[in-house]
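The values are calculated or read from the model by the stated rules, or taken from the named source; none is laboratory data. Keep in mind it's a predicted model, so treat the numbers as computed, not measured. Using ideal geometry, Cβ is built from the backbone for each residue, glycine included, and neighbour counts are taken over all protein chains shown. We work out accessible area using only protein heavy atoms, side chains counted, and drop any ligands, DNA or RNA first. Shrake-Rupley method; radii C 1.70, N 1.55, O 1.52, S 1.80 Å.
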Amino acid sequence: MLRAEPHWQQIDLLSDLHLGPETPRTLARLARHLAETPAQAVFLLGDVFEVWVGDDARFAPCEHSVVQMLKAASSRRALFFMPGNRDFLVGADMLAACGMPPPLADPTVLEAFGRRWLLSHGDAQCLGDAAYQQLRLQLRNPAWQQAFLAKPLAERRAFAAQARDASRSAQAAMLAHADLDADTCRAQLQTAGAMEMIHGHTHRPATHELGDGLRRHVLSDWDFDTATRGDVLRLSAAGLERIALEC
């Protein structure tokens with residue numbers, strides 16, 4: 001569990017930016033938001049990167065620009081990162097370079113403003129996609145990760161590019177149909193002693209009633225390169241507010 005610092009008056013939560021060399025405007029919009037937000041803390045709930053093949057990739061031009069931007073932002077406010085299905089290999093070296101603490105567990109309970117909030121990326125609860133859950137189990141296995149990270153960076157990049165191309169149509173179908181399992185979300189909320197879950201992953205921003213006063217709030221993905229899309233959920237003593245961002 002993570003407790004909000006006493007001086008935090010506003011907390012921003014966002015996810016699914018899918019940053020990479022092809023998304024310079026989305027990166028610029030994130031930099032602008034982190035510079036201008038009144039929030040004292042910002043939680044990045046996964047898929048900040050389109051792909052992450054290991055912390056030694058942080059020296060490449062695009063990744064380095066993200067590191068520099070996050071490092072500057074972390075000097076002004078608290079930043080936290082939770083791995084997603086695209087960037088689960090972000091590790092301690094990368095986060096330390098950004099001035100950020102170790103990655104958050106998924107899910108994490110945030111205690112703030114007298115309430116408990118359950119934070120998650122959201123992919124682990126998509127139980128209807130059995131093939132993905134089997135793949136996720138493999139990719140999150142420490143032995144698989146150790147073997148993958150031992151490969152040369154160029155080989156890891158080539159593998160990731162091939163896997164991404166092969167999965168694009170499958171992912172589009174998944175995002176169109178798969179959703180978080182309601183029973184699993186209810187059980188996790190009850191175990192956490194929380195009434196509300198905040199997550200990303202599905203790219204379908206909404207608030208869903210789960211019964212008995214339980215809710216889950218879905219973050220938007222970001223795209224300021226081919227569209228104008230992105231939102232932030234902001235927590236404060238007044239409650240939860242969804243803020244749609246403009247260019």
* How large is log10 I(q)/I(0) at q = 0.14, 0.16 Å⁻¹ when the Debye formula is applied to the Cα atoms of the chain, each weighted equally and without solvent? -> -0.94, -1.27
* Structure fact -> In the chain, taking the dipole from +1 charges on Lys and Arg beta carbons and -1 charges on Asp and Glu beta carbons about the Cα centre, the listed residue (MET1, TYR132, HIS199) farthest towards the positive end is MET1
* Which is the longest stretch in the chain that no exposed loop site breaks, taking sites as GluC sites (Glu not before Pro) with a DSSP loop state and at most 15 other Cβ atoms within 10 Å? -> 23-245
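Please report the antiparallel percentage of DSSP beta bridges with both residues in the chain, rounded to the nearest 5.
Values: 21 of 39 bridges.
Antiparallel: roughly 55 percent of the beta bridges in the chain.
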* Equivalent-ellipsoid semi-axes (√(5λ), Cα gyration tensor) for the range 32-106, whole Å, largest first? -> 19, 14, 11
* When the dipole is taken about the Cα centre of the range 5-114, and only Lys, Arg (+1) and Asp, Glu (-1) are charged at their Cβ, what size is it in debye, to the nearest 20? -> 400
* **Quotient of C-alpha Rg and 2.2 N^0.38 Å, computed over the range 83-170** => 1.29
* Once the range 7-50 is represented by equal point scatterers at the alpha-carbon sites, with solvent omitted, what log10 I(q)/I(0) does the Debye formula produce at q = 0.15, 0.24 Å⁻¹? -> -0.39, -0.85
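State in Å² the accessible area per residue of the range 101-167; use a 1.4 Å probe, count heavy atoms of protein chains only, and round to the nearest integer.
Per-residue accessible area for the range 101-167 comes out at 56 Å².
So what is the calculated 222 nm ellipticity per residue for the chain, using -39500 (n - 2.57) for each DSSP H run with n of 4 or more, over all residues, to the nearest 500 deg cm²/dmol?
-11000 deg cm²/dmol
When the dipole is taken about the Cα centre of the chain, and only Lys, Arg (+1) and Asp, Glu (-1) are charged at their Cβ, what size is it in debye, to the nearest 20?
Working: 25 positive and 30 negative charges, 69 e Å.
About 340 debye.
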* Asked: So if we plug the beta-carbon distance of ALA150 and HIS64 into 1/(1 + (r/R0)^6) with R0 = 25 Å, what FRET efficiency do we get, rounded to 0.05?
  -> 0.60
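Find the Cα radius of gyration of the range 1-136, compare it with 2.2 N^0.38 Å by division, and give the number to two decimals. Could the numbers behind the result be given before it?
Details: Rg = 14.9 Å, N = 136, 2.2 N^0.38 = 14.2 Å.
The range 1-136 yields a ratio of 1.05.
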* Asked: What area, in nm² and to one decimal, does the C-alpha convex hull of the range 104-247 cast on average over all directions?
  -> 10.7
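Note the full-extension length gain between GLN138 and GLU22 as 0.36 nm times their separation in residues minus their Cα-Cα distance, in nm to one decimal. All intermediate terms of the calculation are to be shown ahead of the outcome.
On the way: separation 116, 0.36 × 116 = 41.76 nm, distance 2.83 nm.
Taking GLN138 through GLU22 to full extension adds about 38.9 nm, to one decimal.
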* Asked: Semi-axes of the equivalent ellipsoid of the range 67-129: what are they in whole Å, largest first, if each equals the square root of 5 times a C-alpha gyration tensor eigenvalue?
  -> 23, 18, 8
* Label GLN190 and ALA161 with points 7 Å out from Cα along Cα→Cβ: what is the distance between them in nm? -> 4.9
* Please give the peptides 91-97, 199-205 ranked by average Cβ packing (other Cβ atoms within 10 Å per residue), highest first, as a rough proxy for protection. => 199-205, 91-97
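Considering only protein heavy atoms and a 1.4 Å probe, what is the carbon-and-sulfur percentage of the accessible area of the range 63-116?
Numbers: 1160 of 2140 Å².
The C+S portion of the solvent-accessible surface of the range 63-116 is 54 percent.
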* Asked: Which of GLN40, GLN146, GLN133 moves most in a GNM of the chain, Cα contacts under 10 Å?
  -> GLN146
* For the range 197-247, just list the percent of Cα-Cα distances falling in each 10 Å bin from zero outward, please. => 23, 51, 22, 4, 0
